[in-house]
1. Out of segment 102-141, which residues are of a type in the set (Ser, Thr, Tyr) and open to solvent by less than 50 Å² (accessible area, probe 1.4 Å)?
2. If a residue must be more than 20 Å from ALA48 (Cβ to Cβ), of a type in the set (Gly, Ala, Ser) and under 32 Å from the mean Cα position of the chain (by Cα), how many such residues does segment 198-230 contain?
3. So how many residues does segment 32-43 have that are modelled with pLDDT of 90 or more and either touching a strand residue (DSSP E or B) at 6+ places or on another chain (Cβ under 8 Å) or loosely packed, with under 13 Cβ neighbours inside 10 Å (or both)?
4. Is segment 141-156 home to any residue that is of a type in the set (A, V, I, L, M, F, W, C), within 16 Å of ARG270 (Cβ to Cβ) and either in contact (Cβ under 8 Å) with a residue 12 or more places away in the chain or not in a helix (DSSP H, G or I) (or both)?
5. State whether the residues of segment 220-229 include one that is surrounded by 17 or more Cβ atoms within 10 Å (Cβ to Cβ), modelled with pLDDT under 95 and in a helix (DSSP H, G or I).
6. Which numbered condition trips up GLY186, out of (1) of a type outside the set (S, T, N, Q); (2) assigned to a helix (DSSP H, G or I); (3) open to solvent by less than 50 Å² (accessible area, probe 1.4 Å); (4) over 25 Å from ARG50 (Cβ atoms)?
7. Does GLY145 meet the test of being farther than 16 Å from VAL195 by Cβ and either open to solvent by 40 Å² or more (accessible area, probe 1.4 Å) or out of contact with any Lys or Arg (no Cβ under 9 Å at 6 or more places or on another chain) (or both)?
8. Within segment 1-82, which helices (runs of 4 or more DSSP H) (wholly inside it) include 2 or more residues that are basic (Lys, Arg)?
Amino acid sequence: EDIEALHHMRVATRRQRAAVRIVAPYFKRKAFSGFRDDLRTLAERLGAVRDLDVLLEEAERYRAPLGADAAAALEPLVEEWRAQRDGARDELLRYLDGDDYRAFIERYGDFLATTGAGVKGAPDGSPLPHLVRHVLPMEIWDHYGRVRAYETVIEWASIDTIHSLRIEGKRLRYLLEFFGEALGPGLSEAIEPLVGLQDHIGELHDVDVTIGLLRDFLIRSAQASADPAVAAAVGRYLKLKQARLRTLQRTLKRPWKRGAGTRLRAALARAVARL
């Protein structure tokens, strides 16, 4: 019933998936069998509702200061998105109340509560890195390298490529947060720039998705010979979103430099040195 609760559940699911990616190499291949698919399904169903929540919030925020006629002209668009949101929410609730989800929660809970379940056995012969202080430095620099690799394409990257950068930045951020206690104080110097980059690209992605949906609505309205006032109102909203997209693309360089620059590398180096 609370859209923020849904948002928190989606974030928690994302963090679970990120955690699984990090620890999976130290478990037997079958240890997470099925869990990844269940977490992905849950994330997709939560995301379908959350994305529409964001669309509706933005549309209502845009509509609020408009005059009565202009606000009313946007009502068909808002009604369509609200109906889609209600449908996605009904599907989510059916899934959460269903046997598959209940079985997943029980199996996953048992697995997480069982110390050593699925962990690979100790290798024979020479010791392999397995403690946090052995493994985490490599993981941090590997994750950072995946972020920094985008410096070769950032000037002309497509929106899809930039969205992939957001995913890599988020994975590095989650890694640092997961092991914050071991990495010690001062970690905010590394995390805050990543959050800034993530937020900037997140808005860029949301605006791009909104533009596509607005165009689809206008095409269908034209085919159905809908009210010209509705098309005009939605067209103005589309132009606003297009202008915002251009601004976000033009100003990406600053959060990118902070999210992959010298200060962040220095903060990572200090954190790794404490292990």
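The values are calculated or read from the model by the stated rules, or taken from the named source; none is laboratory data. It should be emphasised that the depicted structure is a prediction, and the values quoted were computed from it without experimental measurement. In this analysis, Cβ positions are derived from the backbone assuming ideal geometry, glycine residues included, and neighbour counts consider all displayed protein chains. Just so you know, the surface numbers come from the protein's heavy atoms only, side chains and all, with ligands and any DNA or RNA stripped out. Shrake-Rupley method; radii C 1.70, N 1.55, O 1.52, S 1.80 Å.
1. Correct list: TYR108 only.
2. Residues meeting the conditions: 1.
3. Total satisfying the criteria: 2.
4. yes
5. Looking through segment 220-229, at least one residue is surrounded by 17 or more Cβ atoms within 10 Å (Cβ to Cβ), modelled with pLDDT under 95 and in a helix (DSSP H, G or I).
6. GLY186 satisfies all of (1) of a type outside the set (S, T, N, Q); (2) assigned to a helix (DSSP H, G or I); (3) open to solvent by less than 50 Å² (accessible area, probe 1.4 Å); (4) over 25 Å from ARG50 (Cβ atoms) except (2).
7. Against the criterion (farther than 16 Å from VAL195 by Cβ and either open to solvent by 40 Å² or more (accessible area, probe 1.4 Å) or out of contact with any Lys or Arg (no Cβ under 9 Å at 6 or more places or on another chain) (or both)), GLY145 qualifies.
8. Ranges flagged: 3-23, 35-63.
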